[in-house]
Structure formats: structure tokens, C-alpha cells
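Enquirer: Quick one: the structure is below, questions incoming.
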Amino acid sequence: MCEQPAGRVVFFYVVQSQRLVQADGSSVDGVPPLPGLPPGTGYGDWQNVYAGCVDVTDLDPPPSPGEVYRYLRTLPLPQLPTHQQPPGNGLANLPVIFFTDGPTAQTFTLDIRGFTTVITESPRVL
């Protein structure tokens, strides 16, 4: 019923209102409710306030980098075995190379508030 532009989420909404009995048994607009209705009870006819297409894309923005990072910190990342070259104790003023022979990358697909997020984790070279 509503046009769906690319990358946008558009829904058709009908907004209606009805009178409610107030806490003191009165009404807001002076139309009295039936006697004995408890507070918060609706009475009278429903009125259409709005009917139309609403772009709700901005009401649910995609996850921020900070939110993705919070999820990343909860992932079960492997403890990679480290090795050094030359083996044994390092010597002062000589280069030492650290490396791992574990998996080089791991991919996680997460659902963050309905958004599919793919995270690829790999060791960094310093």
C-alpha cells in the first residue's frame, strides 16, 4: 500500500483515539462517562486521528560502532598459541619475531536489534 524507497522502512499506520475516564471519574472534554466506569476505561466512539504512510527508518537506526564493539567483546574469541623466533629466551638488542599458527581469521554473524552484522576478527600485525 505504501511506496518502499530503497533502504527505507515505510509502514501504513492508523492512529485512533477514544475518551478515557479520568481518575476522579470525569472526562477531559466535558462529555461525561457512564456512571460506575473505572478510571482508565475507554468510552464513546473511536475517532480517526491519522491514517497514512509513515517512514520509520530513522526510529530504528542501525547499530553504532560502539554498540557493535560491545557485542564484539562478548564473542568467544580463541586464545591463539604464540611462538617466537628464535626459540627460547630472547637476547637483549636482537630482534624477536612472535607469531601464531592458529586460525588466521574468524567470522561471526550477529543479530543486533534485527540488523544482521558480520564481524571478521583476525590477528593484527604490529
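Enquirer: How large is ³J(HN,Hα), in whole Hz, for each residue of segment 83-99 in order, when computed from phi with the Karplus curve 6.51 cos²θ - 1.76 cosθ + 1.60 and θ = phi - 60°, using x for Gly and Pro?
Expert: 3J(HN,Hα) across segment 83-99, in whole Hz: 10, 9, 10, x, x, x, 6, x, 9, 4, 6, 10, x, 10, 9, 9, 8.
Enquirer: At a Förster distance of 35 Å, what's the computed FRET efficiency of residue 22 paired with residue 58, Cβ-Cβ distance as r, to 0.05?
Expert: On the way: r = 35 Å, r/R0 = 0.99.
The pair residue 22/residue 58 has a calculated efficiency of 0.50.
Enquirer: Given labels modelled 7 Å from the Cα in the Cβ direction, how far is it in nm from residue 2 to residue 72?
Expert: So the two model labels end up 3.4 nm from each other.
Enquirer: Still on this structure, I have one more. For residue 112, list long-range residues whose amide hydrogen, built 1.01 Å from N in the peptide plane, is under 5 Å from its own amide hydrogen.
Expert: Residues meeting the amide H criterion: 117.
Enquirer: Two decimals is fine: what's Rg over Rh for the chain, C-alpha atoms, Kirkwood radius as Rh?
Expert: Numbers: Rg = 30.3 Å, Rh = 21.7 Å.
When Rh is taken as the Kirkwood radius, the ratio is 1.39.
Enquirer: Using helices alone, what [θ] at 222 nm do you get for the chain, with -39,500 (n - 2.57) per DSSP H run of 4 or more residues, divided over all residues and rounded to the nearest 500?
Expert: Working: 1 runs with 8 residues, N = 126.
Mean residue ellipticity at 222 nm (helix-derived): -1500 deg cm²/dmol.
Enquirer: Cα gyration tensor of segment 61-121, axes a ≥ b ≥ c as square roots of the eigenvalues: rounded (a/c below 1.5), prolate (a/b > b/c) or oblate?
Expert: The shape class here is prolate.
Enquirer: Calculate one ³J(HN,Hα) per residue across segment 44-51 by plugging θ = phi - 60° into the Karplus curve 6.51 cos²θ - 1.76 cosθ + 1.60, and present them in order as whole Hz with x for glycine and proline.
Expert: Going residue by residue, I get x, 6, 6, 10, 6, 9, 7, 9 Hz, with x marking Gly and Pro.
Enquirer: What's the local net charge at residue 119, with K and R +1, D and E -1, over the other residues with C-beta under 14 Å away?
Expert: Working: positive: 70, 73; negative: 67, 111, 121.
Within the 14 Å Cβ shell, the charges total -1.
Enquirer: Further question: Between residue 10 and residue 80, how high is the FRET efficiency from 1/(1 + (r/R0)^6) when r is the Cβ-Cβ distance and R₀ = 35 Å? Nearest 0.05.
Expert: 0.15
Enquirer: Where the centre of each part is set by its Cα atoms, how far does segment 91-126 sit from segment 6-36, in angstrom?
Expert: 54 Å
Enquirer: Once a ≥ b ≥ c are taken as the square roots of the eigenvalues of the Cα gyration tensor of segment 1-53, is the result rounded (a/c under 1.5), prolate (a/b larger than b/c) or oblate (a/b not larger than b/c)? Each step should come with its number before you reach the end.
Expert: Values: a/c = 4.74, a/b = 3.65, b/c = 1.30.
Prolate shape, in that a/c is at least 1.5 and a/b is the bigger ratio.
Enquirer: Go ahead and run the numbers for FRET between residue 110 and residue 46, Cβ-Cβ distance against an R0 of 35 Å, rounding to 0.05. Don't jump to the answer; show the numbers that get you there.
Expert: Values: r = 41 Å, r/R0 = 1.18.
Computed FRET efficiency for residue 110 and residue 46: 0.25.
Enquirer: Moving to a separate point now. Calculate one ³J(HN,Hα) per residue across segment 64-72 by plugging θ = phi - 60° into the Karplus curve 6.51 cos²θ - 1.76 cosθ + 1.60, and present them in order as whole Hz with x for glycine and proline.
Expert: 7, x, x, 5, 4, 5, 4, 5, 4
Enquirer: Pick from 94, 59, 37: which is most flexible by mean-square fluctuation in a GNM of the chain where alpha carbon atoms under 10 Å apart are linked?
Expert: 94
Throughout, read-outs are computed from the coordinates displayed, never taken from laboratory work. Small disclaimer: the values here were computed from a predicted structure and weren't measured. We place every Cβ from the backbone using ideal geometry, glycine too, and count neighbours over all the protein chains shown.
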